[in-house]
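See structure below.
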2 protein chains.
Amino acid sequence: MPNQTFTISELASEFGVTTRTIRFYEEKGLVHPFREGQKRVYTAADRVRIKLILRGKRIGMTLQESVEVIDLYDPQRNNTQQLLSLINTISERRARLLQQKDDIDDMLTGLSEVLGLCEKALGKRQKKISATQKN
Amino acid sequence: MPNQTFTISELASEFGVTTRTIRFYEEKGLVHPFREGQKRVYTAADRVRIKLILRGKRIGMTLQESVEVIDLYDPQRNNTQQLLSLINTISERRARLLQQKDDIDDMLTGLSEVLGLCEKALGKRQKKISATQKN
DNA sequence: CCTTCCGTTTACGTTAACGTAATTATTTGA
DNA sequence: TCAAATAATTACGTTAACGTAAACGGAAGG
């Protein structure tokens with residue numbers, strides 16, 4: 001079994017964050033490395049959690065929101081009430097994500113238009129230059 | 001021409017934010033309402049800017065980033081250098097947006113899986129209930 | 001005339017998510 | 001063995017994006 005562990009600086013450099021950031025996540029209860037003497041030791045599970053948290057950050061989620069989403073994954077659901085509430089939570093989150101995709105698509109469309117104008121403007125200059133060089 | 005204008009509370013309620021928020025955006029130079037006496041008067045252009053800023057927020061952009069993106073639209077570009085730099089900016093932003101879409105898709109996939117488990121769990125209970133009711 | 005709504009200004013408060021020392025231990029390679 | 005690198009703890013600092021409260025001005029309605 002790989003059962004690999006990681007030091008704090010390994011994870012920090014892998015994910016492009018500072019060790020301070022990772023310790024901060026621990027303060028907030030987002031990860032729970034164990035200790036070898038004084039040093040923190042991170043499991044593969046910790047690593048995944050950090051990865052998911054950073055993914056959340058990229059799409060504008062707070063740390064708490066990311067944790068909530070991550071926690072949806074662990075199947076500590078017993079009764080029907082909890083299951084129904086979970087389904088609700090998921091569908092709400094899903095709606096927000098779809099909205100975000102729409103927002104992104106809109107923005108991408110806008111950027112494409114601007115890009116088109118840019119290239120058009122540059123094209124004219126190239127023609128001028130070509131004409132100049134031919135003479 | 002419609003040439004419509006808006007009061008601060010109209011915009012606030014339309015977009016579901018407080019007037020404080022809109023005044024804050026003005027402090028930061030994101031909008032420039034003119035005055036009628038003391039009162040702020042917003043143009044359609046101001047309205048659009050606010051809309052775009054809030055769109056940016058939904059996908060995790062800072063106010064400054066939103067402004068930068070919005071400013072890409074106004075064609076105050078003169079020389080080739082500026083055009084090339086603009087193209088660069090656009091392609092970087094585009095890359096980030098595509099990354100975000102991937103992140104969202106990953107998260108949606110995860111949520112679907114959890115949802116599947118939920119429904120499976122609920123299904124079993126329904127069977128039990130059905131069986132109970134038949135007896 | 002008085003109150004009730006907007007609206008404005010000024011200014012201090014708040015939360016999230018780290019940054020930035022300063023100080024102290026531990027380990028490790030020259 | 002000594003210095004350099006790596007880690008930990010403690011604690012104050014910072015930025016963004018508003019919230020909240022106080023204090024005041026015009027206007028509209030009963």
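The values are calculated or read from the model by the stated rules, or taken from the named source; none is laboratory data. Since we're looking at a predicted model, the values are computed, not measured. Every residue, glycine among them, receives a Cβ derived from its backbone with ideal geometry; neighbour counts consider all protein chains shown. These area figures cover heavy atoms from the full protein model, side chains too; ligands, DNA and RNA do not enter into them. Shrake-Rupley method; radii C 1.70, N 1.55, O 1.52, S 1.80 Å.
Values for this structure:
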quantity	calculated
Beta carbon of chain A nearest to the axis of the rotation taking A to B, residue and angstrom distance	A:60, 1
Debye, to nearest 20: dipole size of the range B:1-63, +1 on Lys, Arg Cβ, -1 on Asp, Glu Cβ	200 debye
Positive dipole terminus of the range B:56-123, leading residue within B:87, B:62, B:118 (C-beta point charges)	B:87
7 Å along Cα→Cβ, label-point gaps from residue B:78 to other copies, nm, shortest first	7.2
Potential lengthening between residue A:99 and residue A:112 on full extension [0.36 nm per residue; Cα-Cα distance subtracted]	2.7 nm
Cα gyration tensor shape of the range B:1-78, rounded if a/c is under 1.5, else prolate or oblate by comparing a/b with b/c	oblate
C-alpha long axis of helix B:80-134 to longest principal axis of chain B, angle in °	20 degrees
Amide H contacts under 5 Å for residue A:5, placed H, 5+ residues apart	none
From phi via Karplus (6.51, -1.76, 1.60), per-residue ³J(HN,Hα) for the range A:65-70 in Hz, x at Gly/Pro	4, 4, 4, 4, 5, 4
Heavy-atom accessible surface of the range B:22-115: percent carbon and sulfur, 1.4 Å	49 percent
Solvent-accessible area buried by pairing A with B, both sides, nearest 100 square angstrom, 1.4 angstrom probe	3800 Å²
Position residue A:106, label points 7 Å along Cα→Cβ, spacing to each other copy in nm (shortest first, one decimal)	2.6
Sites residue B:91 and residue B:41, calculated FRET efficiency, Cβ-Cβ separation with R0 35 Å, nearest 0.05	0.40
Angle in degrees between helix A:44-58 and the longest Cα principal axis of chain A, rounded to the nearest 10	40 degrees
Cβ-vector label at 7 Å, residue A:117, separations to other copies in nm	4.9
Cα gyration tensor category, rounded, prolate or oblate, for chain A with a/c compared to 1.5	oblate
